[in-house]
Amino acid sequence: MITLGGRTVVLTGASGGIGAALAAALVDAGATVLAVGRDPMKLNAMVHRHRPGAVVPVTADLCTPAGRAAVVAQAATMSPSLLVIAHAQGAFGLFEDQAETELAALVQTNLVAPMLLIRAMLPLLQAQPGAAVVAVGSTFGALAFPGFAAYSASKFGLRGLIEALGREHAGGTVRFQYLAPRATRTAFNTPAVDALNAELKTAQDDPKDVATQLLDAIRRGDRRRQLGWPEKLFARLNGVFPALIDRALRGQLPVVRRHARAASPVVLEKTHEIASH
Ligand SMILES: NC(=O)c1ccc[n+]([C@@H]2O[C@H](COP(=O)([O-])OP(=O)(O)OC[C@H]3O[C@@H](n4cnc5c(N)ncnc54)[C@H](OP(=O)(O)O)[C@@H]3O)[C@@H](O)[C@H]2O)c1
């Protein structure tokens, strides 16, 4: 088991639902958390919720070189041995209704920014014994879901990045872990996603429980872990018998389409335009 006490952890998405719960669990385990987010007010509120010095805030937009440089500069003063990537953006809707800029920004946030931050942080991590890079993925990183095409693509990409790096660094000092939560009750999910989950009877976890499971996987050094049952089974089935999952999701498609339409004003605008002509 890996000990977390005394470690400095760089945690992105620290102001988010899962990130804030994970920050609290890491602080309870004796770690110092360098908390990264874009909103200084949210980060300062976190600082005051924990023992003095346990949370060090860094305001940074990880999609910018300046934002990533600010994280690395602060981390360089604190000998970090764990980088946890827990930031992301979502986008629920039918692919053809989503704007080009939205799709590009999503991939930039969920895949390009983690890739470049990991690259920039590696020299610092390699200087510490028992270092690890932990990426928070998603069930949709193993089982691509209709209505979440770009998000699924970004999480498949993140999983591939972490798996390849783990293999490239086999026998090295830095461990690479990809840990995938299932649906979790946070602000990440819009009302349309919540409505879809309710109709499909998709279980949603509490962020505190997710944080507990993530911490356990970090301590155990798991290279990969899917959280939740039956998601564990479905993610594996998708790898071995994807046609089975194709068939199951085909049945859910009308429900997905209805909620996706409700989520995408582009479609409503188009329908309105057609109706008024
Ligand atoms: N919630 C779910 O159902 C669910 C399910 C499976 C996997 N996940 C994954 O779990 C992770 C955490 O999700 P969550 O539910 O905690 O999401 P959340 O509550 O929406 O939090 C997202 C976090 O990402 C940060 N962020 C977004 N874009 C950023 C950027 N460009 N630069 C810096 N920070 C940025 C946000 O910070 P600001 O304060 O700057 O906005 C916030 O801290 C994500 O990787 C998500 O894909 C979530």
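Quick look at the numbers
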| item | result |
| --- | --- |
| Residue list for segment 23-36, filter: over 21 Å from the mean Cα position of the chain (by Cα) and either assigned to a strand (DSSP E or B) or not acidic (Asp, Glu) (or both) | Ala29, Gly30 |
| Matching option when the condition is of a type outside the set (Val, Ile, Thr), buried (at least 22 other Cβ atoms within 10 Å of the Cβ) and not in a loop (DSSP other than H, G, I, E, B), among Ala211, Ala198, Ala150 | Ala211 |
| Residues within segment 37-64 that are in contact (Cβ under 8 Å) with a residue 12 or more places away in the chain and either closer than 27 Å to Leu106 by Cβ or assigned to a strand (DSSP E or B) (or both), tallied | 16 |
| Of all residues in segment 159-184 being basic (Lys, Arg) and over 21 Å from Leu143 (Cα atoms), the one that is surrounded by the most Cβ atoms within 10 Å (Cβ to Cβ) | Arg175 |
| Failed criterion for Val133 (all others in (1) within 22 Å of Glu231 (Cβ to Cβ); (2) within 14 Å of the chain's Cα centre (by Cα) hold) | (1) |
| Condition met for Ala20 (surrounded by fewer than 22 Cβ atoms within 10 Å (Cβ to Cβ), assigned to a helix (DSSP H, G or I) and at pLDDT 95 or above) | no |
| Output for segment 132-147, where each listed residue is of a type outside the set (S, T, N, Q) and either surrounded by fewer than 21 Cβ atoms within 10 Å (Cβ to Cβ) or outside any strand (DSSP E or B) (or both) | Ala132, Gly137, Phe140, Gly141, Ala142, Leu143, Ala144, Phe145, Pro146, Gly147 |
| Residue that is surrounded by the most Cβ atoms within 10 Å (Cβ to Cβ) [pool: residues in segment 75-85 that are more than 14 Å from the ligand (Cβ to nearest atom) and touching a residue at least 40 places away in the same chain (Cβ under 8 Å)] | Leu82 |
| Filtered residues of segment 101-128 (kept if outside any helix (DSSP H, G or I) and either of a type in the set (Lys, Arg) or modelled with pLDDT under 95 (or both)) | none |
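The values are calculated or read from the model by the stated rules, or taken from the named source; none is laboratory data. Predicted model, so just to flag it, every value in this text is computed and none were measured. Cβ sites come from the backbone with ideal geometry, for glycine too, and all protein chains shown count toward neighbours.
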